[in-house]
1. Sort out which residues of the stretch 80-127 are at negative phi, surrounded by fewer than 24 Cβ atoms within 10 Å (Cβ to Cβ) and in contact with a strand residue (DSSP E or B) (Cβ under 8 Å, 6 or more places away or on another chain), and write them in order of number.
2. I need every pair where a residue in the stretch 161-185 that is closer than 27 Å to L196 by Cα and in contact (Cβ under 8 Å) with a residue 12 or more places away in the chain has its Cβ under 7 Å from the Cβ of a residue that is assigned to a helix (DSSP H, G or I) and among the charged types (D, E, K, R), sequence separation at least 6 or different chains.
3. Checking A15 against (1) in contact with a helix residue (DSSP H, G or I) (Cβ under 6 Å, 6 or more places away or on another chain); (2) surrounded by fewer than 22 Cβ atoms within 10 Å (Cβ to Cβ); (3) of a type outside the set (F, W, Y); (4) touching a residue at least 60 places away in the same chain (Cβ under 8 Å), which test does it fail?
4. Identify the residue in the stretch 251-271 that is part of a helix (DSSP H, G or I) and of a type in the set (D, E, K, R) and, among all such residues, is farthest from S214 (Cα to Cα).
5. Starting from residues that are surrounded by fewer than 22 Cβ atoms within 10 Å (Cβ to Cβ) and in contact with a Ser or Thr (Cβ under 7 Å, 6 or more places away or on another chain), keep the ones in the stretch 26-61 and report whichever is modelled with the lowest pLDDT.
6. L152 fails exactly one of the following numbered conditions: (1) part of a helix (DSSP H, G or I); (2) buried (at least 16 other Cβ atoms within 10 Å of the Cβ). What is the number of that condition?
7. Among (1) farther than 30 Å from T236 by Cβ; (2) at pLDDT 95 or above; (3) among the polar types (S, T, N, Q), there is one condition T18 misses while meeting the rest; what is its number?
8. Among the residues of the stretch 211-242, how many are of a type outside the set (S, T, Y) and not in a helix (DSSP H, G or I)?
Amino acid sequence: MGGGSALSRATVAAAFLTACRYDVLAFKPGNVSIAAAGHRMRASDFLTSARAASAALTAIEHGVGAAIREAVSATQAAVGCNTNLGIVLLAAPLAHAALRVSPGHAFAARVQTTLAASTVADTRDVYAAIRIANPGGLGISGEHDVRDEPTLDLVGAMRLAAARDTIAAEYASNFSIVLGEGIPCLRAAYLRTNSLAWGVVGCYLHLLAAYPDSHVARNHGAAVAAAVQARARTVTSALEACENRADRYSLLVKWDAELKNEGVNPGTSADLTVASLLALQLDTALKTNSGGHVALATGEAPR
């Protein structure tokens, strides 16, 4: 690719669709999966949403904010509910960082450059996307509400919400969790299990154990989020001590049922995991000059 490298739109779209496919292929407790529906949604809703959003996310002529708005609009037209706002918010800067010509292949530097170029127009488009998706309890702040005309660029607006929303915090920290923890955790879990689906589960549990899930906190309070975080640590330890995959799967099924019976969905941790898998693929493609399909693995759902 040379010094001014960029991935093709088809490569980035394929990576996004793969990440979204593993979001439901992997059995992540509390989330919707192929094996277990929940929260009035099915796996097919998420797969349809990914296909609907992929074109907008990879349209290089759009700014990041416009890509988010168009992707959320396409999702609403396809499934009529909010399945992927968090995924789209995280995926758009990653996609645009890979799509734009940039010297070298360092993905973290590309993401930082993409975020630094954010504008008030991007904020306006993201506010519109949030209003379209209409997620429960999500805004920017009392002073900068999504119903108001923005005065800050997108990173500045997200910085105001960083203390209470992990996705906003990613914008404020140049995607420190996705790039600094998600990618290495996912890569290590995949190598340890020789299964991308189990690798996704491992990454999800790691992030859920490391950070209180802001979607849970927003909908159920900080105490519930802390309890889910503590339980994630317990489940992770139990999985590491268990050598039989069938027994591991049973542990996940049990906790999944408990979370869904309580109406608890650790959606932010799932969104961060999807973004981590997307980032891993894009980073790999840039480093290997592959330019085409990113070959990681084709595993089945853990069982």
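The values are calculated or read from the model by the stated rules, or taken from the named source; none is laboratory data. Since the model is a prediction, treat every value here as computed from it, not as a measurement. Don't worry about glycine lacking a Cβ; one is built from the backbone with ideal geometry, like all the others, and counts go over all protein chains shown.
1. Of everything in the stretch 80-127, those that are at negative phi, surrounded by fewer than 24 Cβ atoms within 10 Å (Cβ to Cβ) and in contact with a strand residue (DSSP E or B) (Cβ under 8 Å, 6 or more places away or on another chain) turn out to be C81, V101, S102, P103, H105, A109, T113.
2. I167/D271; I177/E170; V178/E170; I183/D283
3. (2)
4. Going residue by residue through the stretch 251-271, those that are part of a helix (DSSP H, G or I) are 251-261, 267-271.
Pick out the ones that are also of a type in the set (D, E, K, R) and you get 254, 256, 258, 260, 271.
Numbers: K254: 23, D256: 18, E258: 19, K260: 17, D271: 11 Å.
Selected residue: K254.
5. Among those that are surrounded by fewer than 22 Cβ atoms within 10 Å (Cβ to Cβ) and in contact with a Ser or Thr (Cβ under 7 Å, 6 or more places away or on another chain), it is M41.
6. It is condition (1) that L152 fails.
7. (1)
8. As a first pass, look at the stretch 211-242 and keep what is of a type outside the set (S, T, Y): 212-213, 215-233, 235, 238-242.
Next, from what is left, pick out any that are not in a helix (DSSP H, G or I): 212-213, 221, 242.
Within the stretch 211-242, residues that are of a type outside the set (S, T, Y) and not in a helix (DSSP H, G or I) number 4.
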